[in-house]
Amino acid sequence: DRSFAIASIASSLLMGVAFGNVIWGIPIDAAGEFAGSFLSLLTPYALLTGVTTVALFMMHGAIYLLLKTEGDTQAMVKGWVGNTIIFFLICYATATMATIIYRPEMTAAIKASPALFALPVLTMLAIANVPRAVHHLRFGQAFVSSSCAVLGLFALVGLGMFPALVHAWEPARQFTIYNAASSPKTLWIMLIMACIGV
């Protein structure tokens, strides 16, 4: 159990660190290759997104446990949920402020099209509904709200990154959907194969 818990925390943390580096930017050389080391990826921003990812997964997992337990076990898990929600909210607020301050280009799409402001508002409403639903013992609704919050956060990052796939320390070297894509013929073949596979 301890090994599984440690591995889960570590994988969540590293997933969040990778996500943070995609937003912050990584060192890419003229040949388009990664030019850093593992330690160069452990920037404060990347570690913050890593911890925020762990907090998000802890909250989401604890809510899922509420759906799958009962009695004393559920009462114990309910105590965890409150702590994980507070932990996530602190991390989320800190990561959001850091992103707005240090990566202001992530808000450019929303500034250019005010209608897109609905996405962060809906994400915040989903997050705010989690503790309310848990308090009223509506665990299914809390899980749906938490799921919507996860989707909303990913959508916000995708919206902020577009058209970049990976930011580089030097903007001219970043990977976008245009310079990283295969040829149109290859993309069509891949689409057809994916449709057959599905």
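The values are calculated or read from the model by the stated rules, or taken from the named source; none is laboratory data. Quantities reported herein were computed from a predicted structural model and do not represent experimental measurements. Cβ sites come from the backbone with ideal geometry, for glycine too, and all protein chains shown count toward neighbours. We work out accessible area using only protein heavy atoms, side chains counted, and drop any ligands, DNA or RNA first. Shrake-Rupley method; radii C 1.70, N 1.55, O 1.52, S 1.80 Å.
Conditions tested, residue by residue: (1) open to solvent by less than 70 Å² (accessible area, probe 1.4 Å); (2) outside any helix (DSSP H, G or I); (3) farther than 19 Å from residue 62 by Cβ.
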residue: 82; (1), (2), (3): yes, no, no
residue: 86; (1), (2), (3): no, no, no
residue: 92; (1), (2), (3): yes, no, no
residue: 95; (1), (2), (3): yes, no, yes
residue: 98; (1), (2), (3): yes, no, yes
residue: 108; (1), (2), (3): yes, no, yes
residue: 115; (1), (2), (3): no, no, yes
residue: 120; (1), (2), (3): yes, no, yes
residue: 133; (1), (2), (3): yes, no, no
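Scan the range 168-183 and report the pairs whose first residue is at negative phi and whose second residue is surrounded by 12 or more Cβ atoms within 10 Å (Cβ to Cβ) and assigned to a loop (DSSP other than H, G, I, E, B), with Cβ atoms within less than 6 Å and a gap of 6+ or a chain change.
From residues that are at negative phi, the pairs are 168/25; 168/174; 169/25; 169/27; 174/167.
Find the residue count for the range 166-186, including only residues that are among the hydrophobic types (A, V, I, L, M, F, W, C), surrounded by fewer than 16 Cβ atoms within 10 Å (Cβ to Cβ) and not in a loop (DSSP other than H, G, I, E, B).
Qualifying residue count for the region: 1.
Check residue 32 against each of (1) open to solvent by 60 Å² or more (accessible area, probe 1.4 Å); (2) out of contact with any Leu (no Cβ under 8 Å at 6 or more places or on another chain) and name the one condition it does not meet.
Unmet condition: (1).
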